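Following: one structure in structure tokens, then a few remarks.
Each value in this text was obtained by applying a stated rule to the coordinates, not by laboratory testing. Worth saying up front: this structure is predicted, and the values here are computed from it rather than measured. Ideal geometry is used to build each Cβ from the backbone, glycine not excepted, and the neighbour counts take in all protein chains shown.
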């Protein structure tokens, strides 16, 4: 290889490095991917879509589609503490729980250590309106936060799972 060929190769490599760095910078500056925010919104809606006739199956579907075991146990415990599970079990109340969820925003993200594994985690916050039996005049408003982690797509096809869910309702 002569000096001219070496110079051409150096210029080509420099151009490739600049192109790659530019593409990475553009990708980093783009807003969060729609699938992440859509996953959060869909799962939050599913977490509240419960009715007295089939809430057990609905909770199980939520677990399989959206939540890690830990998040599911915590969410179910939260529903029990709030008295919703007892109301759902009691068929005479005919409770139907639902939520209107606003646009989510990523408030923090990064690689965190969870159960001795490092995982990408995004904390997403959305306004939420919890509605009982379709009566929006008695709805309760607040915010919901989820910690969404990346998981293997063999575990969940979307590649995400909710690892924690926190509800802050105004009284």
Give me the percent relative contact order of the stretch 32-169, please, defined on Cα pairs under 8 angstrom at least 6 residues apart. 24 percent
Hypothetical label at residue 112: residues of the stretch 157-171 whose amide nitrogen lies under 11 Å (7 Å Cα-Cβ projection): 163-166
Extended-chain gain in nm, criterion 0.36 nm per residue less alpha-carbon gap, residue 105 and residue 92: 0.8 nm
By counting other Cβ atoms within 10 Å of each Cβ, how are 88, 37 ranked from fewest to most? 37, 88
